[in-house]
1. What is the magnitude of the charge dipole of segment 214-291 about its Cα centre, with +1 placed on the Cβ of each Lys and Arg, -1 on the Cβ of each Asp and Glu, and no other charges, expressed in debye to the nearest 20?
2. Give me the aspartates and glutamates in straight-line cross-link reach of Lys522: C-alpha distance below 14 Å, same-chain residues under 8 apart excluded.
3. Once you charge only the Cβ atoms, +1 for Lys and Arg and -1 for Asp and Glu, what is the size of the charge dipole of the chain about its Cα centre, to the nearest 20 debye?
4. Among Gln516, Gly465, Ala500, pick out the residue whose Cα is farthest towards the positive end of the charge dipole of segment 456-522, where Lys and Arg carry +1 and Asp and Glu carry -1 on C-beta, about the Cα centre.
5. Count charges around Ser328 for me, please; just the other residues with Cβ under 12 Å from its Cβ, Lys/Arg as +1, Asp/Glu as -1.
6. Helix 434-447 against the longest principal axis of the chain: what's the angle in degrees, Cα atoms only, rounded to the nearest 10?
7. Round to the nearest 0.05 the FRET efficiency obtained for Asp344 and Arg140 when R0 = 30 Å and r is the Cβ-Cβ distance.
8. Compute the length gained on full extension between Asp450 and Arg290: take 0.36 nm times their separation in residues and subtract their Cα-Cα distance, giving the result in nm to one decimal.
Amino acid sequence: MPKWLENAVFYEIYPQSFFDANGDGVGDLEGIIQKLDYIQALGCNAIWLNPCFDSPFKDAGYDVRDYKKVAPRYGSNEDLFRLFDEAHKKGLKVLLDLVPGHTSEEHEWFQKSKMAAPNEYSNRYIWSDSWISWGLDGFRFIAGEAERNGVYIVNFFKCQPALNYGVLNPWQPWQLPPDHPECTATREALKDIMCFWLRGDKGRGCDGFRVDMADSLVKNDDPGKSATAQIWRNIREMLDAEFPEAAMISEWSSPGLSLPAGFHADFLLDHEGSGYKSLVRDYKLDGENRFTGPNNSFFKKDGAGDITRFLAQYMPWYENTKNAGYISLITGNHDTPRISLGLDPSELPLAYAFLFTMPGVPFLYYGDEIGMRHLNPPTKEGGYTRTGARTPMQWSKGKNMGFSAAATDRLYLPVDTGPGAPSVEAQEADPRSLLATVKALLRLRRSEPDLQARPNLEILYAEQGRLPFVYRRGAFIIALNPGGAPAEAAVQAQGRPVYAIGGCSLDDGRCRMEGQSFGIWKV
Ligand code: NOJ
């Protein structure tokens with residue numbers, strides 16, 4: 001386990017939209033380098049960069065055409081090595097986004113794989129041996145795209161053919177078992193890509209990977225994903241031997257499976273049943289992001305107010321995996337609606353106070369620190385409704401909110417210039433801003449080992465349909481009342497207040513919380 005994860009706080013950057021240094025309307029690596037001081041001052045000490053590799057961008061870069069080449073619109077490989085170097089000088093780690101399950105249909109491997117004549121890459125993807133195989137057993141096949149007599153499986157969009165790590169219990173002649181040499185060759189090719197970026201250039205390498213759809217490798221895997229896990233454990237062995245400080249964080253949302261498979265941390269995503277939804281996005285939207293019913297998120301001041309819905313999912317995972325690795329809570333990401341869509345400015349600070357005082361490794365999505373809004377732009381690069389959470393960062397009130405010097409109609413996506421659009425500049429000048437709250441929370445977390453990743457969580461008061469929610473982390477008692485009305489609970493502890501939002505107290509065996517308040521006491 002890389003030691004640095006113990007006090008890591010990540011900042012997720014969607015490179016298209018962060019900062020455009022060369023004025024072409026699209027964010028770039030030089031732009032990120034110029035904003036490293038900002039990220040550091042925020043209190044984050046690690047970055048997750050969404051894919052920045054050569055790509056036709058039909059899925060925003062999750063369709064990789066060349067894993068070893070930075071997309072020219074972001075800069076060059078040298079710029080990425082420079083980013084690692086500059087980040088490291090400031091004590092920041094950088095994770096790249098590894099897309100192991102599929103490539104772009106334009107990747108050279110696929111171009112060769114789809115040829116009629118057998119070659120080294122014929123089995124790099126999963127091809128049936130005739131066109132009539134499509135539709136079998138839930139796989140999604142694409143037909144009519146190649147001269148080869150077969151159809152291939154995709155992982156996500158049509159442009160993302162699934163790489164061949166094998167099929168568990170093959171039942172068709174064209175399906176290969178995971179230990180087939182042509183399937184293990186895919187695994188070795190993946191390791192080669194990882195080593196390329198971890199080694200970097202002249203000692204300038206990345207610090208690990210966020211791994212896309214980490215559970216997607218072996219097809220027809222069993223419910224415990226044992227064949228996929230075996231591949232990751234093999235990769236982890238390589239990392240432990242050669243890059244013991246490299247971190248692997250999975251997009252899996254099932255820590256009971258991912259952590260024993262070798263990941264150091266796993267995201268809790270907004271999948272059904274993950275518990276995350278009950279906290280911040282327990283609502284339904286139509287295709288235009290309009291609410292179609294009530295918002296029962298825990299952090300709504302008039303919400304259902306029930307933390308037990310979250311704990312019922314989280315605690316068993318936490319208890320069963322706390323010695324194996326970390327669970328990562330997120331403010332949001334490039335696939336979820338902006339957290340501010342469901343929570344108003346009075347509710348966001350309480351949500352962040354919770355997310356940043358829980359165990360595990362938290363992730364802050366760019367712009368959430370100022371409460372950037374979810375917009376409704378037309379779909380871009382396969383984003384569909386996700387596009388609204390991917391708009392340019394709002395740095396200042398100036399042209400294009402300080403994101404880019406380009407003409408406004410050349411921006412990657414429209415920037416939020418509407419009334420009340422938040423900006424870094426305005427919030428830096430306001431000690432009561434959301435940005436100031438985030439900074440204070442992260443400063444506290446970073447200075448207190450008991451508030452970092454370590455598994456020292458103890459629930460003190462959590463009752464169905466009742467508030468507050470009170471928990472302990474080592475020497476700290478933490479209480480939270482997201483509801484609009486005062487709430488109190490019996491808590492047998494005395495402590496010195498160290499941080500508060502709103503009015504709250506802990507004495508005489510009672511924790512008393514005003515409406516929408518949060519407190520931390522050191523006992
Ligand atoms: C998950 C990524 O987060 C998402 O943005 C992408 O579209 C899919 N995986 C496919 O790679």
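1. 200 debye
2. Glu448, Asp450, Asp507
3. 900 debye
4. Ala500
5. Details: positive: Arg210; negative: Glu12, Glu251, Asp266.
Charge balance near Ser328 sits at -2.
6. The angle comes out at about 90 degrees.
7. 0.15
8. Using 0.36 nm per residue and subtracting the Cα-Cα distance, I get 53.6 nm.
Every number here is computed from the coordinates shown, using simple stated rules; none is lab data. Small disclaimer: the values here were computed from a predicted structure and weren't measured. Glycine also receives a Cβ, built like all others from the backbone with ideal geometry; neighbour counts cover every protein chain displayed.
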